[in-house]
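Comments concern the structure below.
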């Protein structure tokens, strides 16, 4: 152990940040991990005027990935409750491919079923009144924290988005 209490045997890539995103039709909630990848903190909610206007959204995510020196992006994957892939999940996959191409970072799709419900519950329990103001950012934190918890438990991780030129 170092004087700061950190285990020197941890690999260098353990000390990098992960960006967590909750992609919605008009907003993207953003969270970031601490450098040790233990906790998720909310960053902001990116808002856009229409669903198809993604250029500024992608540019802002690139700025945030650079600012926080993120090495991975975890993107919420809104499967249907029966685990099938619907319209929203297809949109998230397409957004994930755009993110990977734009940021050149690995993009991990993370099952986000019930994160908005959990975010609403957290806000109820903490007395937050205007849920719409914070729900996307808190959902991004929950998505990212789920990923971090699984990572730190040493459990298998889901596959990332494949490169377009290697995908079949």
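Just so you know, all these numbers are worked out from the coordinates, no wet-lab data involved. These numbers come from a predicted model, not from an experiment. Here the Cβ is made from the backbone with ideal geometry for all residues, glycine too, and neighbour counts use every protein chain on show.
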With all distinct Cα pairs included, what does the Kirkwood hydrodynamic radius of segment 27-102 come out to in Å, to one decimal, could you say? 13.6
Give me the percent of DSSP beta bridges within segment 14-152 that run antiparallel, rounded to the nearest 5. 55
Over what distance in Å are the Cα centres of segment 54-70 and segment 79-111 separated? 17
Cα coordinate range in segment 14-152, projected on the principal axes (Å, largest first): 37, 34, 29
What distance in nm separates the simple spin-label points at residue 87 and residue 104, each placed 7 Å from Cα in the Cβ direction? 3.7
Under a point spin-label approximation (7 Å from Cα along Cα-to-Cβ), what is the residue 51-residue 80 distance to one decimal in nm? 1.6
